[in-house]
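Below is one structure, written out as structure tokens; the observations come after it.
Bear in mind that the values in this text are calculations on the coordinates, not laboratory data. For clarity, every value in this text was computed on a predicted model and none was experimentally measured. For neighbour counting, all protein chains shown are included, and Cβ atoms are generated from backbone atoms with ideal geometry for every residue, glycine included.
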Amino acid sequence: MYKFWSLTVLALVAACAKGKADGTPADTASAAPATAAAPAAAPGATPADTGMKGMNMDADKSASGTGVPAGYTGVTDHPDAKITDAKYTSNGGRWEIQTGPAHITFAAKDSAKGQYQLSTTIEQLEKPKHPEAYGVFLGGTNLTDPAKQKYGYFVLRGTGEYLIKTRDGENTTTVVNWTANPKIPKEDASGKATYKITAHVAPDTVHFIVNDNLVAAVPKSKFPTDGVAGIRVNHNLHIAVTPIVISK
């Protein structure tokens, strides 16, 4: 059974529709979208969801793992990065993840279209060197081909902010730039934070919910929803994640 937040959603759709395309592969913290493509990352660096302009070129730190769990596929943001530099440890129905390169993790079985919702719980176990993002993606197609992959993603960071973007090959487009929301708790003094993330796909709108609170809604026309869903994790993080659950 779906929940609808009619008045709140209408206000959020109007606000979120103001998000603009930046056309760059990097997700920086600048309030205004970039006007030109960012330069290519140096080898070993990642321009993923750090949100720290000028600080998002730090090198990936290998966690010396074996890649993602059996039955799942991991695809790094950059073809020269190795998914085996990420470490996944199964623990009580969840994965403890240490990265390593920015990447997505998914299983072909986690595919949906039309109206549905997906959910996961992500716990930040350790404060990163600077804010790094993690969350969910959906509407994924051609995911194993970096030049053709497409998906939309909703990510958070321990500063209490969220970001909504779409990816088309190596390019990303900002739907809603980094935005603070009081309903997204900030990491505590020890660097820990827990987020139950839900993406609800309605006929015309995609709702993004954190800890059972609606924090954003965007027009479905701006965000891909038919396809594979999974987890998106930035580099140099230590988090715990429950596998994606999709329900109709």
Subject >> Charge sum, other residues only, whose C-beta stays under 15 Å from ASN181's C-beta, Lys/Arg counted +1 and Asp/Glu -1 >> reply: +1
Subject >> Proxy reagent accessibility, fewest Cβ within 10 Å first, across LEU214, LEU138 >> reply: LEU214, LEU138
Original post:
Rounded if a/c is under 1.5, else prolate if a/b is larger than b/c, else oblate: which is region 119-176, with a ≥ b ≥ c the root eigenvalues of its Cα gyration tensor?
Top reply: prolate
Original post:
Can you sort SER90, SER119 so the residue with the fewest Cβ neighbours within 10 Å comes first?
Top reply: SER90, SER119
**OP:** Collect residues whose amide H, placed 1.01 Å from N in the peptide plane, falls under 5 Å from the amide H of ASN236; neighbours closer than 5 in sequence don't count.
**Re:** LYS61, THR99, GLY100
**OP:** Find how many whole Å separate the alpha carbon centroid of region 181-228 from the alpha carbon centroid of region 108-145.
**Re:** 11 Å
Original post:
What length, rounded to one decimal in nm, is gained on full extension from ASN142 through to ASP58, with 0.36 nm per residue of separation minus their alpha-carbon distance?
Top reply: 27.4 nm
Subject >> Calculated from backbone phi, Karplus (6.51, -1.76, 1.60) coupling profile of region 115-120 in Hz, x at Gly/Pro >> reply: 9, 6, 9, 10, 8, 7
Original post:
Which of rounded, prolate, oblate describes region 129-222, given a ≥ b ≥ c as roots of the alpha-carbon gyration tensor eigenvalues and a/c under 1.5 marking rounded, otherwise prolate only if a/b is larger than b/c?
Top reply: oblate
Subject >> Extension gain from ASP80 to LYS183, taking 0.36 nm per residue of separation minus the Cα-Cα distance >> reply: 33.4 nm
**OP:** Decide, for region 68-179, between rounded, prolate and oblate: order the square roots of the alpha carbon gyration tensor eigenvalues as a ≥ b ≥ c, take rounded if a/c falls under 1.5, and otherwise choose prolate if a/b is larger than b/c, else oblate.
**Re:** rounded
**OP:** Kindly put ARG167, ARG157, ARG94 in sequence by how many other C-beta atoms sit within 10 Å of each C-beta, fewest to most.
**Re:** ARG94, ARG167, ARG157
Original post:
Ranked highest first by average number of other Cβ atoms within 10 Å, how do 182-194, 123-135, 139-151 line up?
Top reply: 123-135, 139-151, 182-194
